[in-house]
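Participant: Dropping a structure here in structure tokens format, bear with me for questions.
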Amino acid sequence: MHEWMTDNGHTPHIVVDALHDVVVVPTEHVKDDKIILNISETAAHNLKLGNDAVAFRARFGGVPFDVWVPMRAVLGIYARETGQGMIFSHESTQAADNENPERAAAPSRERPHLKVVK
């Protein structure tokens, strides 16, 4: 999705569950337990999109910050210009829990609620 958005001149953003236990994001920019991150090539320096995590360095309010987000904490990806993208289902989080029993044993939270804003 990131590559397709970039190739089409769009700005990819990800929605992250900031309450996830290993997410490293600037907490002062978290709202409603979520943070939206611009992962375009111009905003996310040294962007690494792996199977396990998204990592990059970005400026927040002019201050550099190293961001690290495990894929299971990514709730969705969308293009800023169109609002179109993909919201990841709760089932994908459950599948990750089945692969990692320690996470599954943790108390569950309510399912995240996202809405499209145009």
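Participant: I'm checking my understanding of the structure. Among residues of the range 49-85 that are among the basic types (Lys, Arg) and farther than 11 Å from residue 39 by Cβ, which one is surrounded by the most Cβ atoms within 10 Å (Cβ to Cβ)?
Facilitator: Step one: filter the range 49-85 for residues among the basic types (Lys, Arg), giving 57, 59, 72, 80.
Subset that is farther than 11 Å from residue 39 by Cβ: 57, 59, 72.
Values: 57: 12, 59: 10, 72: 21.
The selected residue is 72.
Participant: Tell me yes or no: at least one residue of the range 76-86 is of a type in the set (Lys, Arg) and not in a strand (DSSP E or B).
Facilitator: Taking the range 76-86 and keeping what is of a type in the set (Lys, Arg), we get 80.
Adding the requirement that they be not in a strand (DSSP E or B) leaves 80.
Yes.
Participant: Filter the range 1-32 for residues that are acidic (Asp, Glu) and in contact (Cβ under 8 Å) with a residue 40 or more places away in the chain and give the result.
Facilitator: Taking the range 1-32 as the starting set, the residues that turn out to be acidic (Asp, Glu) are 3, 7, 17, 21, 28, 32.
Hits for the range 1-32 are 17, 21.
Participant: Quick one: in the range 10-26, which of the residues that are at pLDDT 95 or above and not aliphatic (A, V, I, L, M) is farthest from the chain's Cα centre (by Cα)?
Facilitator: Per the stated criteria, the residue is 10.
Participant: Using beta carbons and a limit of 9 Å, which pairs, at least six apart or on different chains, have the first residue in the range 42-64 and in contact (Cβ under 8 Å) with a residue 40 or more places away in the chain and the second one β-branched (Val, Ile, Thr) and part of a strand (DSSP E or B)?
Facilitator: 54/14; 54/16; 54/67; 54/69; 54/74
Participant: Does residue 55 satisfy the criteria of being modelled with pLDDT of 95 or more and not in a strand (DSSP E or B)?
Facilitator: Details: modelled with pLDDT of 95 or more: yes; not in a strand (DSSP E or B): no.
No: the conditions fail for residue 55.
The rows are residues; the columns are (1) touching a Lys or Arg at 6+ places or on another chain (Cβ under 8 Å); (2) farther than 16 Å from residue 16 by Cβ; (3) at pLDDT 95 or above.
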site	(1), (2), (3)
59	no, yes, yes
68	no, no, yes
74	no, no, yes
88	no, no, no
94	no, yes, no
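The values are calculated or read from the model by the stated rules, or taken from the named source; none is laboratory data. What you are looking at is a predicted structure, and each value in this text was computed from that prediction instead of being measured. Neighbour counts run over all protein chains shown; Cβ positions are idealised from the backbone, glycine included.
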